[in-house]
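Everything on this sheet refers to the single structure shown next.
The values are calculated or read from the model by the stated rules, or taken from the named source; none is laboratory data. Values in this document were obtained by computation on a predicted structure and should not be read as measured data. Heads up, the Cβs are rebuilt from the backbone with ideal geometry, glycines too, and the neighbour counts pull from every protein chain shown.
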Amino acid sequence: MNYPMPTGPSGLLRAGLFLLSTASLASCATTMADIPFWAGVPAGPGVSQAAMVIDFRDGSNALFYGFRWPAQETRTGADMLNAILGADPALTVDNVSFINSFTYGARSRSYSNNGTPTNYSDDSYWGYWVNNEVSYHPTDFNLNGHLTPPLGSPYGEGRWVESSTGSAGRPLADGSWDGWAYGVYGTLPSNPVPESSTIWFLAAGGLLLSRRRK
């Protein structure tokens, strides 16, 4: 559908705000169809798939991976991570079971007490997030668990939930999302898909500019 371009300063401002809001909405609609890198078996009938986001929180885009496995078999978050590590040699961790450090090429983040060893609230570490409900046992952490089904894309109809187990205790289902984000407590994985375009509105000159990313 074609819309007439408004004229005059107020018309251009409305156009700029409309396009900004449209670009923002488009950038949030992240699904598994956007995943650029897959590990595991090929797509096809009887194959389940899950997504993994790894966010260094270093000003660069989060890493975005997919994992596929035979639907009749069981897999965990650790299985997905191991498959991705085997498929992408640029990505490494210090320990799959208890991750303190992710490295991707020149990018690396490790646990840090941020100079205050007695204050745990400002520690930076790799938080583990999932897209399903989880349970926390009041007295025995060994009884913590994950509840299915998945909630959907955390960037769409679903949401991120802090995992109540390590990755080896996280059962995958078709449509699962796992997220790793570096930062203080509560830091969520950011959207891994860049916006399709970047838009500026120069109010002083009343000029609307756009740049399409390659």
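Among (1) farther than 22 Å from residue 34 by Cα; (2) in contact with a Phe, Trp or Tyr (Cβ under 8 Å, 6 or more places away or on another chain), where does residue 72 come up short?
(2) is the only condition that residue 72 fails.
For residue 175, all conditions in the list (1) more than 28 Å from residue 58 (Cβ to Cβ); (2) in contact with a helix residue (DSSP H, G or I) (Cβ under 6 Å, 6 or more places away or on another chain) hold save one; what is the number of the exception?
So residue 175 meets the others, but not (2).
So which residues in the stretch 29-59 are hydrophobic (A, V, I, L, M, F, W, C), crowded, with 18+ Cβ neighbours inside 10 Å and touching a Lys or Arg at 6+ places or on another chain (Cβ under 9 Å)?
Initially, the stretch 29-59 is screened for residues hydrophobic (A, V, I, L, M, F, W, C), giving 29, 32-33, 35, 37-39, 41, 43, 47, 50-54, 56.
Within this subset, residues satisfying the condition of being crowded, with 18+ Cβ neighbours inside 10 Å are 35, 38-39, 50-54, 56.
Result: 38, 39, 50, 56.
Got a sec? Which of 109, 75 is over 16 Å from residue 171 (Cβ atoms), more than 15 Å from the chain's Cα centre (by Cα) and charged (D, E, K, R)? Lay out the reasoning, then the answer.
Working: 75 fails: over 16 Å from residue 171 (Cβ atoms).
Sole residue among the options that is over 16 Å from residue 171 (Cβ atoms), more than 15 Å from the chain's Cα centre (by Cα) and charged (D, E, K, R): 109.
Considering each of 62, 106 in turn, give the residue that is out of contact with any Phe, Trp or Tyr (no Cβ under 7 Å at 6 or more places or on another chain), surrounded by 14 or more Cβ atoms within 10 Å (Cβ to Cβ) and either in the same structural domain as residue 181 (by TED's automatic domain parsing) or not polar (S, T, N, Q) (or both).
On the way: 106 fails: surrounded by 14 or more Cβ atoms within 10 Å (Cβ to Cβ).
Exactly one residue qualifies, and that residue is 62.
Just a yes or no: is a residue in the stretch 102-119 touching a Leu at 6+ places or on another chain (Cβ under 8 Å), part of a strand (DSSP E or B) and closer than 21 Å to residue 164 by Cα?
yes
Given 47, 96, which one is touching a Ser or Thr at 6+ places or on another chain (Cβ under 9 Å), over 20 Å from residue 191 (Cα atoms) and among the aliphatic types (A, V, I, L, M)? Walk me through how you get there before you give the answer.
Values: 47 fails: touching a Ser or Thr at 6+ places or on another chain (Cβ under 9 Å).
None of the other options fit; the residue is 96.
Filtering the stretch 122-159 down to residues that are more than 28 Å from residue 72 (Cβ to Cβ), under 15 Å from the mean Cα position of the chain (by Cα) and of a type outside the set (Gly, Ala, Ser), which residue is surrounded by the fewest Cβ atoms within 10 Å (Cβ to Cβ)?
159
Consider residue 202 carefully, then state whether it is of a type in the set (A, V, I, L, M) and modelled with pLDDT of 95 or more.
no
Within the stretch 124-182, how many residues turn out to be of a type in the set (Val, Ile, Thr) and part of a strand (DSSP E or B)?
Summing the residues that are of a type in the set (Val, Ile, Thr) and part of a strand (DSSP E or B) in the stretch 124-182 gives 3.
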